[in-house]
Amino acid sequence: RGLFRGVHVNAARSVLFGSVVLPTNSWMKDITQGRLATGPFRDAMCAFCASIVGVCVINPLDVIRTRLYNQPVDSKGRGVLY
């Protein structure tokens, strides 16, 4: 029971992160097309920028997930607060 508490929020977080990071990475590569040479440095910079955007988007879900994981439970194992 306690193992799967908050799993719905964690799944939504993962889907949202992937939905934001992949298009942002592609968009960053399009923007840097003529400005940076194609190669590992450009790929790393685009991935880094996309990750920053992704982290900013999923932060509210991380707060919800942390609160669900750390809330006290009653004698039946259900969350007391949420």
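General observations
- Test: residue in segment 37-45 that is surrounded by 15 or more Cβ atoms within 10 Å (Cβ to Cβ), in contact with a helix residue (DSSP H, G or I) (Cβ under 6 Å, 6 or more places away or on another chain) and either more than 21 Å from SER19 (Cα to Cα) or not small (Gly, Ala, Ser) (or both): no
- Residue identified as open to solvent by less than 50 Å² (accessible area, probe 1.4 Å), hydrophobic (A, V, I, L, M, F, W, C), closer than 30 Å to ASN70 by Cβ and in a helix (DSSP H, G or I) among VAL15, VAL53, VAL9: VAL9
- Only residues that are more than 20 Å from VAL9 (Cβ to Cβ) and among the basic types (Lys, Arg) were counted in segment 22-76, giving 4.
- Total residues in segment 56-82, condition farther than 27 Å from VAL20 by Cα and surrounded by 13 or more Cβ atoms within 10 Å (Cβ to Cβ): 3
- In segment 68-79 there is at least one residue matching the filter, namely being in contact (Cβ under 8 Å) with a residue 40 or more places away in the chain and assigned to a helix (DSSP H, G or I).
- GLY54 being at pLDDT 90 or above and at positive phi: no
- So PHE48, is it under 23 Å from the mean Cα position of the chain (by Cα), among the aromatic types (Phe, Trp, Tyr) and surrounded by 14 or more Cβ atoms within 10 Å (Cβ to Cβ): no
- Cβ-Cβ under 6 Å pairs, at least 6 apart or on other chains, segment 1-28 side over 14 Å from VAL53 (Cα atoms), far side open to solvent by 70 Å² or more (accessible area, probe 1.4 Å): GLY6/TYR69; VAL9/ILE64
The values are calculated or read from the model by the stated rules, or taken from the named source; none is laboratory data. Since the model is a prediction, treat every value here as computed from it, not as a measurement. Neighbour counts are summed over all protein chains in view; Cβ atoms, including those assigned to glycine, are modelled from backbone coordinates with ideal geometry. Side chains included, ligands, DNA and RNA excluded: accessible areas come from the protein's heavy atoms. Shrake-Rupley method; radii C 1.70, N 1.55, O 1.52, S 1.80 Å.
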